[in-house]
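A.B. asks: Take this structure first; my questions come after.
Every read-out reported here was derived from the displayed coordinates using simple, explicitly stated rules and does not represent laboratory data. Computed from a prediction, not measured in an experiment: that's the story for all the values here. Quick reminder, even Gly has a Cβ in these numbers, built from the backbone with ideal geometry, and neighbours come from all protein chains shown.
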Amino acid sequence: MNSTDRLQPLRTALAEITDLATAQANLHWDYQVVMPPRGAALRAEELATLETIIHERATAPALGTLLDEAADNLNGADPESDDASLVRVSKRDYDKAVRVPGELRSEMARAGALGHEAWVEARKQKDWAIFQPHLANMLELKRRYVDCFPDVDDPYDALLDDYEPGMKTSEVARVFEQLKAELVPFVAAITAKGDVVDASCLHGAGAFPRERQEALIRRVLSRIGFDPAGWRLDVAVHPFATGLGSQDIRITTRYDESHLAGAFFGALHECGHGLYEAGSDPALERTPLRGGTSLGLHESQSRMWENLVGRGRPFAGWVLPQLQEAFPAKFGDLDADGLYRAVNRVERSLIRVESDEATYCLHVILRFELEQDMLAGKVDLDELPEIWNERMRDYLGIEVPDVAQGVLQDVHWSEGIIGYFPTYALGNVIAAQIWAAVRSEEPDLDDRFAHGEFGPLRDWLRDRLHRHGRKFLPAEMIERVAGRPLDVAPYISYLKGKFGPIYGLAADR
Ligand code: ZN
């Protein structure tokens, strides 16, 4: 019997767990896209039941035995092979899962549901006191969670690892310190130039009928890789992408008839996530290796298509005639340089999800710093809103008028999602590293984009990154695809090279 045959019992067990997780993702998609509101109560029960079954199977001692036997049966198989990777990655998942008592998991789930409700109310009333005890409780539970991993160097490592496997807090802190040192003065220099970029083409009451936006988006996405035989595009209040298999990719966006950029760039963003999911090697289907290696790598793909491609000058030249045809009143008199400038307008904003490429990472760094201090018990939660406001002043030079537009703006903490925020900024950094690598190997990409040809970039990404799924840890994957470890330099030079000319900054800035 060869090693693949000996792995069959493990493959079967993992395939069933993967099927259950896919069914769960399918129910989530349905919940957010098509379910009528009154279905919510029953859906919550279904999801909880599935979660219990998945958890039981993923932590079953029998699975642990299969994993140990499989490791013995690999007989020196190439560590990069699918078999060795399946055993290694599944063993890592298993070892993590069994460390956390089921009772703590249920307590966190319950606290997340109550916390979410309190957060909705607190935000509505702009009253921090409503949410504060829930955050305190969640932090206590998170400390107990961290205690399940006594071998971590830094308590925050245990949280970060759930989203960015193997990444260390010290590494993220080093990268974010460099980013902050560059971005704070850079954003100040840009905003000192005043409001010199005209983005009025992207706004206008009722100027962008939904069906025209959708037709345009479908046309653009089909050039990038959206294939109706294996993809869906739908509407969701909180847009997201999910891969139910490499041949079943669901992406969503939301339309605002008075503002074009939200749906358009949101769709490009989710399409980037979709391409990563679609690009997994078919041999990884129904295994835990299918999909993306981490949230940071995933976000590098969405940001690349949204910003580095979609907000680039060659793309502006290609898409402008289509915009002029769809919305002649808004784009009829515009040239491609004008469109390029409009989609790259920098504005210090209170809200992370509305912020532009230049300011985005500062919103994330603020949250990363506060999360570490909160977890370590270094922050008096009474004072958290004021600390938040002070940092917004220091990093972005902006005054926060109320908690709803400040410390209460994001849903994450209410649901116990702590350690996730850094992945958004890591995505930008990684995207720029990959961008530098692909452009040095494929020097004619700009020319291709100018003609609406995106296949060369898509195929390169699939070959270097997407097809590997979860086989490698993020740090290994970054080195493989970008040729070097995590590094902020390409991102900083990208930002300066782009926004310096738009805002007329001196070249050394
Ligand atoms: Zn994303």
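A.B. asks: Classify the stretch 180-303 from the C-alpha gyration tensor, please: rounded if a/c falls under 1.5, else prolate or oblate depending on whether a/b exceeds b/c.
C.D. replies: Oblate, because a/c is 1.5 or more while a/b does not exceed b/c.
A.B. asks: For Thr253, what residues show an amide H to amide H distance below 5 Å, using hydrogens built from the backbone and excluding near sequence neighbours?
C.D. replies: Result for Thr253 returns Asp234, Val235, Ala236.
A.B. asks: To the nearest 500 deg cm²/dmol, what mean residue ellipticity at 222 nm is calculated for the chain from DSSP H runs of n ≥ 4 alone, each contributing -39,500 (n - 2.57), summed and divided by the residues?
C.D. replies: -19500 deg cm²/dmol
A.B. asks: In the structure shown, do any of Lys168/Lys471; Lys126/Lys378; Lys378/Lys498; Lys471/Lys496; Lys168/Lys378; Lys180/Lys378 have a Cα-Cα gap over 28 Å, and if so which?
C.D. replies: As for pairs spanning more than 28 Å Cα to Cα, those are Lys378/Lys498; Lys471/Lys496.
A.B. asks: Filter the DSSP H helices in the chain by two things, a Kyte-Doolittle mean of at least 1.6 and an axial alpha-carbon span of 24 angstrom or more, and list the hits by number.
C.D. replies: none
A.B. asks: How far is it, in nm, from the label point at Ile53 to the one at Val353 when both lie 7 Å from their Cα along the line to the Cβ?
C.D. replies: 3.1 nm
A.B. asks: From the phi angles alone, apply the Karplus equation (6.51, -1.76, 1.60; θ = phi - 60°) to the stretch 398-408 and give each ³J(HN,Hα) in whole Hz, x where the residue is Gly or Pro.
C.D. replies: 9, 8, 8, x, 7, 5, 5, 9, x, 4, 9
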